[in-house]
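**Q** Take a look at the following structure, please.
Nothing in this text is a laboratory measurement; each read-out follows from the coordinates by a stated rule. Since we're looking at a predicted model, the values are computed, not measured. All Cβ positions, glycine included, derive from the backbone under ideal geometry; neighbour counts span all protein chains shown.
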Amino acid sequence: MPRSNRAIQMQLLESKNMAGVDVYTNKGCPACVSAKHYLDRKGVEYTEKRLGKSKKIDIEFSLRTNNSKKIPQIFIGNEWIGGFDDLVRYDNAGELDWRLGLSPRPKISLVNRLIRFLKGHKY
């Protein structure tokens, strides 16, 4: 694709309504840094919510994650994605971009859906 067309396509993608992304992090967490870099490479804007900064954020984190003890925890829209490993799994499955609003929803065969369900995958 010529560069000028690619630039126009990127502008159109940026103008679409991207899903709001919240990333709950903590100071000194290497997985948190990796998750933020991963989202940065995709060009995704996200809201970082640092735990321990305010009681309100800590309570919100506990309620949204059912008292999870692991960080980072990532939400796309109001859907709980999980941690950094889950983010990578979604991307490898080809579902991260459409959840972020960067591409149309991929078509997944019934057989693949069944296999994912039997394996316990939530994506």
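**Q** Across segment 56-79, which residue is farthest from ARG99 (Cα to Cα) among those that are in a strand (DSSP E or B) and touching an Asp or Glu at 6+ places or on another chain (Cβ under 9 Å)?
**A** Ranking the candidates gives GLN73 first.
**Q** May I ask you to list the residues in segment 80-123 that are of a type in the set (Val, Ile, Thr) and crowded, with 16+ Cβ neighbours inside 10 Å?
**A** ILE81
**Q** Being in contact (Cβ under 8 Å) with a residue 12 or more places away in the chain and among the acidic types (Asp, Glu) is the filter; apply it to segment 28-79 and report the residue that is surrounded by the most Cβ atoms within 10 Å (Cβ to Cβ).
**A** Restricting to residues being in contact (Cβ under 8 Å) with a residue 12 or more places away in the chain and among the acidic types (Asp, Glu), the top hit is GLU48.
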